[in-house]
Amino acid sequence: MNYGRFSDDGREFLVTDVRTPSPWINYLTNGRYFATISANGGGISYDRSPLHGRITRYRINDVPPDRPGKYIYVKDRDSGEIWSLTWQPVGREPAAAYRVAHGFGYTRAEAEVAGIASSVLFFVPIDDDRKIWKAVLTNTSTRVRRLSVFGYVEFALGHALVDLINQCDDQHFNRVHFDEGLGALFATKTYWVTETRGTQQQENKEWDRWAYFTVNRPVAAYETVRERFIGPFRNETDPAALGSGLSSKDMDCGNAVGALQVDLEFGPGESRDVIFSLGVIPKPEFDRLKQPSVEKYRDPAAVDAALARVREEWERFLGHTRAATPDGEADVFMNFWTPYQAKVAFDVGRVASFYYWGIGRGFGYRDTAQDTIAISIAEPRRARDRVLLLARQMRRDGNVYHHFYGDGQGEFTRHCDDPLWFILAVTEYIKETGDFGLLDAVEPFLDGEEGSVLEHLLAVVRFAGANLGPHGLPVFGRGDWNDTLDYIGGKDGGESVWGGMFYVAMLNRLLELFEFLMIAGRHDGGLELRDRLVEALEKFAWDGEWYIRAFGEGEKKIGSSGNRYGKIFVNSQSWAVIAGLPDRTRLVRAMDSVAGHLDTPYGPKICAPAFREIDPTIGLITRCARGKKENGAVFCHPAAWVVQAECLLGRGDRAFGYFKKLLPDRVDSDIFVAEPYVYSQYITSDEHETAGRASHSWQTGTAAWMFRVSFDHILGIRPSYEGLVVDPVIPRAWKAFKAERAFRGTRYLIEVENPDGVGSGVRSILADGRPVRGSVLPRPDGAVCRVLVTMGAAEGS
Ligand code: GLC
């Protein structure tokens, strides 16, 4: 990590060299109002939806890649010197004068330039839909300083895609005016498209929000039009208006921007705060909210109190789990950055980053289901709402939208796995909370009528039963978890072996729930279906050293030793274990094949060898560069399942070995490129010249899975219907570890001892001093339960 490091307590990532190889960003959000911010001030803001509620623009594929952003320029009115309070956009040297700290829900940018020390704090308050940028400037020189400080944003105002593809016409509807009395700019658009696709459709309505931009000091001048601020043949690095002055004119056509100038004069050793806010007010509430909103955070004490609440909220969220293992590096991720990333992915719905621009696709069905598993611990209410949202994306036949927008719009694609993820979301939520009442909650189907969540689950079983091919395995359709195996067996043919394992794993979960509820007979054929799938997998899918991945047209095998490319795929090994297929010898051999054929210095690859020839009967994977994305990269999300599978086999050293390799801070940042504090979607494999390069950071299901797999399967502390289970699978070298886990109102303080240096197996458990039979912890009388676990061979064995 040559550009930064974690703070000593692990709660901040300190960017010590802001010339990062890609934008190293953070997310600031209260779940309604969202902002991204790079270490160089770049990033977007949106309200609720990055597509429909876009406040600021992202100029796609721009260079540098994080422009525009939320910038604060400073001009010394005596010397004429100009700089920005983040290194970019002015880019004044030396860059070493700038440092940035990304924390949970805030980012702090510090600089020492031209005798002015500055610190800018960016965050979104919990109960206020705005982004605050609180700058404090301190005069470290020996003379009185006369500075002008300019806050600057470029607006999009409404539908982000229409803004991009139809700007020439769209700009005629932009309006920005300055409210003299309030000292604030107000911006909106007089028409608004609410269609999800890029369309020229002209809906007969206006954007339903006002964006505002304000500052806590008298405004000396303002600007509203980009061309007037930047000037011709320039960019944000050297805006013309910083020399010639701001026009202080309103705008009713053009590229809308907000720039506010305040003038300061202060002596040596003195400090001044300049607090900008960029926010939104819904139009129906404009008259009532305008004044209080604009004026609320003019007092620095109010800002500090709002930040304290953000910090408290994150401590609360992250405090539900805590690990103290012999591996401090792993602890920083398990305790802080991985659950933090998972919560961000849940809030953002995976749709907005510098890789995903928030304009193309809504929520992925399976992505959303997986995101809920990370937050059900600390945010059960929001997890429940999300589960019910998923229920509403289902037809009576059990099929679901592949992606959806939450407003009834979405797309059916016939991916064979999508509906089954609903079972994961429901069962994981109930295991965590014990809220079996969820099963009775009633939600509509997309094609009319309504049903309870239980009825939705049974619809999924019917979908699974009606979706089988000639080998009795799931018909591939347009793909399974792997979106790029999209033409296996032609348009709608082929069969997914992984899909078969996944169906088994999900049916197992459902049957376990029904058994616990003693409604075992109500599975609508789920039990027989599960058994038939297991039989088909064992009969047709074993290749000798591993399980194949799919059947294509005419018995063609994909993921078989007889193939030239894509001989082995990771998911059909890890999920054979997760599905609990009966032949342990095969399972061990399959996972050994993963170690032998797929492991790299960066973690296990998704498949190998990567495809080097286009095969239209397989699909997109074969068209992708080798070693990248699904075509043979270390895809981090399925790599989490490899860790889980090794734990399920009881092989702690191997499981932790994979886990450790995959930590995002393991590779030199000049090679890794992406942020070292969060998981990326994939790391380029050794089959490509850019081996080790990570891409698509932040918005990946890896975070949710790694968080859960590390707690549930490595530390072994996981929820079950009966109670909290402890069953660690750890490196044999660990002599002990401690963990804390909040569960259904109790805080379990768990100490695990490993005197014999085993990798798995529990000899005895004491809960509040009393012996526990089995591995399920009792519900204690008090709010705290102290648990002592001794690993080793079970007593009497
Ligand atoms: C992307 C998609 C996810 C899919 C994966 C593999 O991460 O968001 O839904 O499962 O790619 O193709």
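When DSSP beta bridges are restricted to pairs lying wholly in the chain, around 95% turn out antiparallel. Peptide packing: for 768-777, 248-257, 675-684, the average count of neighbouring Cβ atoms within 10 Å per residue gives the ranking 675-684, 248-257, 768-777, highest mean first.
Applying the Kirkwood pairwise sum to the alpha-carbon positions of region 366-448 produces a hydrodynamic radius of 12.9 angstrom. Computed over all pairs of different Cα atoms, the Kirkwood value for the hydrodynamic radius of region 490-541 is 11.9 Å. Computed over the chain, the P(r) curve from all C-alpha pair distances, binned at 10 Å from the origin, holds 3, 13, 22, 24, 19, 12, 6, 1, 0 percent per bin. Taking the average, over residues, of other Cβ atoms within 10 Å as the packing measure, peptides 214-221, 168-175, 696-703 rank 696-703, 214-221, 168-175 from highest down. Its Cα gyration tensor gives region 246-376 an equivalent ellipsoid, and the semi-axes of that ellipsoid, as √(5λ) in whole Å with the largest first, are 37, 25, 16. To the nearest ten degrees, helix 526-540 and the longest principal axis of the Cα atoms of the chain are 80 degrees apart. Across q = 0.13, 0.16, 0.22 Å⁻¹, region 68-189 modelled as identical point scatterers on its alpha-carbon atoms has Debye log10 I(q)/I(0) values of -0.69, -0.95, -1.25, in the order of the q list. Calculated on the alpha-carbon coordinates, the convex hull of region 167-235 measures out at 137 cubic angstrom per residue.
Determine the distance separating the Cα centre of region 296-312 from the Cα centre of region 691-754; give it in Å without decimals. What the calculation gives is 34 Å, centre to centre. Once every Cα of region 9-98 carries one equal point scatterer and solvent is ignored, give the base-10 log of I(q)/I(0) from the Debye formula at q = 0.24 Å⁻¹, two decimals. Log-scaled intensity ratios, in q order: -1.22.
I need the peptides 724-731, 390-397, 76-83, 613-620 ranked by packing, meaning the mean over residues of other C-beta atoms within 10 angstrom, with the highest value on top.
724-731, 390-397, 613-620, 76-83
Straight-line cross-link reach from residue 556 at under 17 Å between alpha-carbon atoms covers these lysines, not counting any fewer than eight positions away in the same chain: 491, 539, 567.
Find the Rg to Rh ratio for region 57-136, where Rh is the Kirkwood radius over alpha-carbon pairs and Rg uses the same atoms.
That ratio equals 0.99.
Restricted to Cα atoms, region 662-715 shows a radius of gyration and a Dmax of 11.8, 36 angstrom.
Where does region 322-384 land on Rg/Rh, using Cα atoms and the Kirkwood Rh?
Dividing the radius of gyration by the Kirkwood radius yields 1.06.
Inter-part distance, region 589-638 to region 2-75, computed on C-alpha centroids, equals 31 Å. Filter 131/431; 131/189; 431/660; 343/660; 629/738 down to the pairs with a C-alpha to C-alpha distance above 31 Å, please. From 131/431; 131/189; 431/660; 343/660; 629/738, over 31 Å: 131/431; 629/738. Volume of the convex hull of region 126-244 (Cα atoms only), normalised per residue: 166 Å³. With R₀ set to 30 Å, the beta-carbon distance separating residue 446 from residue 614 gives a calculated FRET efficiency near 0.25.
Averaging 1/r over each pair of different alpha-carbon atoms in region 584-704 and inverting the result gives 14.6 Å, the Kirkwood hydrodynamic radius. Estimated from helices alone, the mean residue ellipticity of the chain at 222 nm is -7500 deg cm²/dmol (sum of -39500 (n - 2.57) over DSSP H runs with n ≥ 4, per residue).
With θ taken as phi - 60° and the Karplus curve 6.51 cos²θ - 1.76 cosθ + 1.60 applied, the whole-hertz 3J(HN,Hα) list for region 504-519 is 4, 4, 6, 5, 4, 4, 5, 5, 4, 5, 5, 5, 4, 7, 6, 10 Hz, x standing for glycine and proline. Taking one quarter of the surface of the convex hull spanned by the alpha-carbon atoms of region 48-98 gives a direction-averaged projected area of 5.1 nm². For region 195-246, the mean projected area of the C-alpha convex hull, equal to one quarter of the hull surface, is 6.6 nm².
Every read-out reported here was derived from the displayed coordinates using simple, explicitly stated rules and does not represent laboratory data. Source: prediction; values computed, not measured. Methodologically, a virtual Cβ is constructed for each residue, glycine included, from the backbone with ideal geometry; neighbour enumeration extends over all protein chains shown.
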